[in-house]
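Asker: One structure coming up, written as structure tokens, with questions to follow.
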Amino acid sequence: MSISGKYVGRLAPSPTGALHLGNVRTFMIAYLRARSLGGKVIMRMEDLDHPRDKAGADLQALEDLKWLGFEWDEFYRQSERVDLYREAVRKLHEKSLIYPCVCSRRDVEAAQSAPHEGDQLYYPGTCRGKFSSWQEAAKVKNSPCWRFAVPSQSVISFEDVFASYFSMNVSRTLGDFPLARDESGAGYTLAVVVDDLQMGVTEVVRGDDLLAATPAQILLARHLGAEKIPEYCHVPLVVGSDGKRLAKRHGDTRIASFRERGVKPEEIIGFLAASCGWCEKGESVSLENLLPRFSLNTINHSPFVVDDKIFQGG
Ligand code: GLU
């Protein structure tokens, strides 16, 4: 948290599917963290992923969150902020910090010479310096992407509020990472960084599947001239009994389905709060009543395992 200013947190759902227990646990932690520090909560709909976005999923998610007791102070949609991303692209391109790339995933894989961390592909910079503009690249391939020209020896280290110390040599691990598949820059990496800075987010609380994506975001933020970069707090995900990230095959854990079956919001919040050590198993509790019990210290560092029998008496 910034010592001088107010805490600003954000919830950033992507409307790619229905809100489920996994998303809600992370949002609950982010929300209570902000409120317990007297902070502001921003709701940011990350609706730029057009091929994966599902019609109506945004409104449904907002309704589910309200039903669960979440309240927010500001609301944004990334799809309405494209001019800001375009401006960032213009600045970065002017400084030769980004370039259009026409390599396919297969090209990138073929150029892979050494194993690299996680599932993020290393990109050796094949297209760096090849095209002077997006239009020129688009003549070679329909859908180029913007890549960040990572300066050599870009080592990013930070102290994650939950996951502790994390460090990555971005130039060696990721190489020139992709920013967006859209000429305007409307894509996850660029948009999330521009938005967190522009909205004055002081701490990003999110799932730890994004921990390894953070060094690239910090590097980009620095090159966008950020005076203050947010703190990061990555919390464990909810997984199914097979240890994999919660998905459809683990059964129906959609909030809307629980609601249809007559489950109360306090039962859902209580169930998730118990997994964070803030109440007893089986206790019903509202988000608001959790505020005085909130602590990051009681949250287990391993993923929370659920199965589909919950709330069915199973
Ligand atoms: N919208 C992203 C997601 O739902 C989260 C992005 C972030 O928290 O930085 O996966």
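Asker: Taking the condition of being within 17 Å of ALA149 (Cα to Cα) and surrounded by fewer than 16 Cβ atoms within 10 Å (Cβ to Cβ), how many residues in segment 76-94 meet it?
Answerer: Residues meeting the conditions: 3.
Asker: May I pose another question? Sort out which residues of segment 15-46 are over 17 Å from GLU288 (Cα atoms) and surrounded by fewer than 20 Cβ atoms within 10 Å (Cβ to Cβ), and write them in order of number.
Answerer: Of everything in segment 15-46, those that are over 17 Å from GLU288 (Cα atoms) and surrounded by fewer than 20 Cβ atoms within 10 Å (Cβ to Cβ) turn out to be THR16, GLY17, ALA18.
Asker: Filter segment 167-183 for residues that are surrounded by fewer than 18 Cβ atoms within 10 Å (Cβ to Cβ) and either in contact with a Leu (Cβ under 6 Å, 6 or more places away or on another chain) or not hydroxyl-bearing (Ser, Thr, Tyr) (or both) and give the result.
Answerer: Across segment 167-183, the qualifying residues are ASN169, ARG172, ARG181.
Asker: Under 28 Å from ASN289 (Cβ atoms), modelled with pLDDT of 95 or more and outside any loop (DSSP other than H, G, I, E, B): does that describe ALA61?
Answerer: So ALA61 passes the test.
Asker: Please work out if GLY251 is crowded, with 16+ Cβ neighbours inside 10 Å, on the phi > 0 side of the Ramachandran plot and touching an Asp or Glu at 6+ places or on another chain (Cβ under 9 Å).
Answerer: Yes.
Asker: Just checking, which of ASP64, ASP58, ASP73, ASP49 is acidic (Asp, Glu), loosely packed, with under 14 Cβ neighbours inside 10 Å and on the phi < 0 side of the Ramachandran plot? If you could, list the steps in order and put the result at the bottom.
Answerer: Working: ASP64 fails: loosely packed, with under 14 Cβ neighbours inside 10 Å; ASP58 fails: loosely packed, with under 14 Cβ neighbours inside 10 Å; ASP49 fails: loosely packed, with under 14 Cβ neighbours inside 10 Å.
Only one candidate qualifies: ASP73.
Asker: Next question. Would you pick out the residues in segment 199-223 that are out of contact with any strand residue (DSSP E or B) (no Cβ under 8 Å at 6 or more places or on another chain) and farther than 16 Å from LEU97 by Cα?
Answerer: ALA213
To keep it simple, each residue is scored yes or no on (1) within 13 Å of the ligand (Cβ to nearest atom); (2) among the polar types (S, T, N, Q); (3) in a loop (DSSP other than H, G, I, E, B).
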position: PRO13; (1), (2), (3): yes, no, yes
position: GLY17; (1), (2), (3): yes, no, yes
position: ASN23; (1), (2), (3): yes, yes, no
position: MET28; (1), (2), (3): no, no, no
position: ALA34; (1), (2), (3): no, no, no
position: ILE42; (1), (2), (3): yes, no, no
position: PRO51; (1), (2), (3): no, no, yes
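Asker: I need the strands (runs of 3 or more DSSP E) fully contained in segment 139-192, keeping only those with at least 3 residues that are under 19 Å from VAL204 (Cα atoms) and out of contact with any helix residue (DSSP H, G or I) (no Cβ under 6 Å at 6 or more places or on another chain).
Answerer: The strands (runs of 3 or more DSSP E) meeting that bar are 155-160, 164-169.
Asker: GLN217 - would you say it is farther than 27 Å from ARG25 by Cβ and either surrounded by 17 or more Cβ atoms within 10 Å (Cβ to Cβ) or in contact (Cβ under 8 Å) with a residue 60 or more places away in the chain (or both)?
Answerer: Taking the combined requirement at face value, the residue does not satisfy it.
Asker: Test GLY129 against the stated conditions and say whether it is touching a residue at least 24 places away in the same chain (Cβ under 8 Å), at positive phi and either assigned to a helix (DSSP H, G or I) or in contact with a Leu (Cβ under 9 Å, 6 or more places away or on another chain) (or both).
Answerer: Spelling it out, it is not the case that GLY129 is touching a residue at least 24 places away in the same chain (Cβ under 8 Å), at positive phi and either assigned to a helix (DSSP H, G or I) or in contact with a Leu (Cβ under 9 Å, 6 or more places away or on another chain) (or both).
Asker: Among the listed residues SER241, SER284, SER295, which satisfies the condition of being surrounded by 14 or more Cβ atoms within 10 Å (Cβ to Cβ) and either modelled with pLDDT of 95 or more or polar (S, T, N, Q) (or both)?
Answerer: Values: SER241 fails: surrounded by 14 or more Cβ atoms within 10 Å (Cβ to Cβ); SER295 fails: surrounded by 14 or more Cβ atoms within 10 Å (Cβ to Cβ).
After ruling out the rest, the residue left standing is SER284.
The values are calculated or read from the model by the stated rules, or taken from the named source; none is laboratory data. All figures in this text were calculated on a predicted structure; none of them were measured in a lab. Reconstructed Cβ throughout: ideal geometry from the backbone, glycine too, with neighbour counts over all protein chains shown.
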